[in-house]
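Written below as C-alpha cells is the structure these notes are about.
The values are calculated or read from the model by the stated rules, or taken from the named source; none is laboratory data. Predicted model only: the values in this text are computed from it and were never measured. The accessibility values were calculated without ligands, DNA or RNA, using every heavy atom of the protein model including side chains. Shrake-Rupley method; radii C 1.70, N 1.55, O 1.52, S 1.80 Å.
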Amino acid sequence: MTENPQNPTQQDSADESLLTPSEVAKLFRVDPKTVTRWADAGKISSIRTLGGHRRYRHSEVTRLLEQSGSSVR
C-alpha cells in the first residue's frame, strides 16, 4: 500500500481489519440485527461499504468484548 503523507490516518484505517454484522454477532452470541441496533444507538461505530453494508472495526469489537466480560472464541 502506498503511504499517504497528507492523511496518515487513511493508511491506519485501511490496515484495520473489519468485521461483518454476522461475525460480530457470533462473538457476542446475539442476532446480527442486534448489532445493527447497537450501531443505530451509538453503542458501536460502523463503517459503510460502497454498497451500503455495515462493517465494524475489529479493535473496537475486541475492546467492547473485554468490557462486557465476554471472551473471544
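Could you please find all residues in segment 18-73 being in a loop (DSSP other than H, G, I, E, B), open to solvent by less than 40 Å² (accessible area, probe 1.4 Å) and among the small types (G, A, S)?
The answer is G52, and nothing else.
On the basis of being at pLDDT below 80, within 14 Å of the chain's Cα centre (by Cα) and open to solvent by 60 Å² or more (accessible area, probe 1.4 Å), does D15 make the cut?
yes
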